[in-house]
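S.K.: One structure coming up, written as structure tokens, with questions to follow.
FYI, it's all coordinate maths here, none of it is from the lab. None of these values were measured; they are calculated from a predicted model. Methodologically, a virtual Cβ is constructed for each residue, glycine included, from the backbone with ideal geometry; neighbour enumeration extends over all protein chains shown.
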Ligand code: URA
Ligand code: SF4
């Protein structure tokens, strides 16, 4: 199965109640041969309206960080979320919703086989790395699991609220660039 076939299936998903309030399913966006996968929390309002991940204000900031290390969502990385449908009023996804949606992300993993996964914020980090993960304490650290390098950094929306953390986030992206140079074959 390829990503576009999986997307077509996901667009019809009714596995959790978020299907009732969504405008669009936000499946993901990026290169089909991406070696670097970014995982956010879930769509916000702009993403729900456009059906694409990280296209609002936090997405603009994310694109700047990507650009700084020669990544481009249309060329050499992929962006997905833990839940594919917007939680009402941007509340955190409920555990049952994340669980219901994980099979889609697992299939995205199986198809892409990323070398590096970058979790954007606590929700993704706690689901993908460790249920007690602290972004403040452990951002920028790579952990190898099943042959994949996982790292978490600040969610761009958190950086908009707390710009004092931007230098640390920039450091995480610099570390990501080094890891890409080390383990990726065709990202750069
Ligand atoms: N925040 C997220 O976590 N994901 C998006 O796609 C947009 C904003
Ligand atoms: Fe399906 Fe995920 Fe949307 Fe729930 S959030 S309806 S599981 S795609």
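S.K.: Among 148, 82, 116, determine the one that fluctuates most according to a GNM of the chain built with springs between C-alpha atoms less than 10 Å apart.
M.R.: Of 148, 82, 116, the most mobile in the Gaussian network model is 148.
S.K.: Please report the relative contact order for the range 82-188, taking Cα pairs under 8 Å with a sequence separation of at least 6, and give it as a percent rounded to a whole number. Walk me through the intermediate numbers first.
M.R.: Numbers: 98 pairs, mean separation 23.1, N = 107.
The value is 22 percent.
S.K.: Give me Rg over Rh for the range 74-172, both radii from the alpha carbons and Rh done the Kirkwood way, two decimal places.
M.R.: Radius of gyration over Kirkwood radius for the range 74-172 works out to 0.95.
S.K.: A follow-up question, please. Report relative contact order for the chain in percent, whole number only (criteria: Cα-Cα under 8 Å, sequence separation at least 6).
M.R.: Relative contact order of the chain: 24 percent.
S.K.: Of the DSSP beta bridges with both residues in the range 33-188, give the percent that are antiparallel, rounding to the nearest 5.
M.R.: DSSP beta bridges in the range 33-188 are roughly 20 percent antiparallel.
S.K.: What percent do you get for the relative contact order of the range 35-124 when only Cα pairs under 8 Å and 6+ apart count?
M.R.: Working: 119 pairs, mean separation 43.8, N = 90.
So the answer I get is 49 percent.
S.K.: Under a point spin-label approximation (7 Å from Cα along Cα-to-Cβ), what is the residue 72-residue 7 distance to one decimal in nm?
M.R.: Computed distance between label sites residue 72 and residue 7 equals 1.8 nm.
S.K.: To the nearest 10 degrees, how steep is helix 57-68 against the longest Cα principal axis of the chain, on a 0 to 90 scale?
M.R.: Relative to the chain, helix 57-68 is tipped by roughly 30 degrees.
S.K.: Compute the helix-to-body angle for 166-183: its Cα long axis versus the longest principal axis of the chain, expressed 0 to 90° and rounded to tens.
M.R.: Taking Cα atoms only, the helix is inclined about 80 degrees.
S.K.: Also: List, largest first, the extents of the alpha carbons of the chain along their principal axes, each in whole Å.
M.R.: Here the Cα extents, ordered largest to smallest, are 41, 37, 29 Å.
S.K.: Kindly put 182, 97, 47 in sequence by how many other C-beta atoms sit within 10 Å of each C-beta, fewest to most.
M.R.: By the 10 Å Cβ count, ascending: 182, 97, 47.
S.K.: Then there's this: Within a 10 angstrom radius of the beta carbon, how do 55, 183, 83, 117 rank from fewest other beta carbons to most?
M.R.: Ranked by crowding around the Cβ, least crowded first: 183, 55, 117, 83.
S.K.: Another question about this same structure. Quickly work out the residue 134-to-residue 24 label distance, labels modelled 7 Å from Cα along the C-beta direction, and quote it in nm with one decimal.
M.R.: Modelled inter-label distance: 3.9 nm.
S.K.: What is the distance in Å between the Cα centres of the range 1-48 and the range 124-188?
M.R.: Cα centres, the range 1-48 to the range 124-188: 21 Å.
S.K.: Would you mind checking the tilt of helix 95-112 against the longest principal axis of the Cα atoms of the chain, expressed as 0 to 90 degrees and rounded to 10?
M.R.: With both axes taken from Cα atoms, the answer is about 60 degrees.
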